[in-house]
1. Kindly list the number of the only condition in (1) free of Cβ contacts under 8 Å to residues at least 60 places away in the same chain; (2) of a type in the set (Phe, Trp, Tyr); (3) under 17 Å from Tyr26 (Cβ atoms) that fails for Trp56.
2. For the range 61-76, state whether one or more residues are surrounded by 20 or more Cβ atoms within 10 Å (Cβ to Cβ), in a strand (DSSP E or B) and in contact (Cβ under 8 Å) with a residue 24 or more places away in the chain.
3. If Asp57 satisfies every condition in (1) over 18 Å from Gly134 (Cα atoms); (2) touching a Gly at 6+ places or on another chain (Cβ under 6 Å); (3) crowded, with 16+ Cβ neighbours inside 10 Å but one, which is the exception?
4. Restricting attention to the range 115-133, which residues are assigned to a helix (DSSP H, G or I), out of contact with any Leu (no Cβ under 8 Å at 6 or more places or on another chain) and surrounded by 17 or more Cβ atoms within 10 Å (Cβ to Cβ)?
5. Checking Leu146 against (1) surrounded by fewer than 16 Cβ atoms within 10 Å (Cβ to Cβ); (2) out of contact with any Phe, Trp or Tyr (no Cβ under 6 Å at 6 or more places or on another chain), which single condition isn't satisfied?
Amino acid sequence: MSVSETLTELSFSVSGRVARPIAETYEAVADPAQLSRYFTTGGARGRLEAGADVSWDFADFPGRFPVTVVEASAPDRIVIEWEGDNAADGAGTTRTTFEFASIDDGARTLVTITEQSWQATTEGAKSAFGNCEGWAGMLTAMKAWLEHGINLREGFYR
């Protein structure tokens, strides 16, 4: 960024590799029963597919969060929108994109999560950093669950 450019929005991406095939890894995010086992500590309702009625609940942030599924293209991509404090879009929502790429001759999957965007303010940065921490934790928990059957989040938040 040059001196003359102004930062107007904040976004981030986090990535991780999971030792499972792409279809299995995609399902661990799309299927509410699986997502509830390692990520949504208060449960997930609704499959991540376009037009579905979906909500997530977290022990560390009580209350159901409505999730709008913008796109679901198995096994490569899921795009959601949900409420975000200090969002830059004016509607109070952020957009999260999950991308799944088959690697190592299909033995592993590279998962990249990108969330955008927040206002380029102190409050926006706090919101973005908090969500970045959450998605990095989700990737870690998904890896432990899919590869070893361990729920890292159990008891972590309450």
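Just so you know, all these numbers are worked out from the coordinates, no wet-lab data involved. All of these numbers come straight from a predicted model, not from anything done at the bench. Here the Cβ positions follow ideal geometry from the backbone for every residue, glycine too, while neighbour counts run over all protein chains shown.
1. Here Trp56 clears every test but (3).
2. yes
3. The single condition Asp57 does not satisfy is (1).
4. So in the range 115-133, the residues assigned to a helix (DSSP H, G or I) come out as 122-133.
Next cut, out of contact with any Leu (no Cβ under 8 Å at 6 or more places or on another chain) only: 122-123, 126-127, 129-133.
Ser127, Asn131, Cys132 - these are the residues of the range 115-133 that are assigned to a helix (DSSP H, G or I), out of contact with any Leu (no Cβ under 8 Å at 6 or more places or on another chain) and surrounded by 17 or more Cβ atoms within 10 Å (Cβ to Cβ).
5. With (1) surrounded by fewer than 16 Cβ atoms within 10 Å (Cβ to Cβ); (2) out of contact with any Phe, Trp or Tyr (no Cβ under 6 Å at 6 or more places or on another chain) applied to Leu146, the lone miss is (1).
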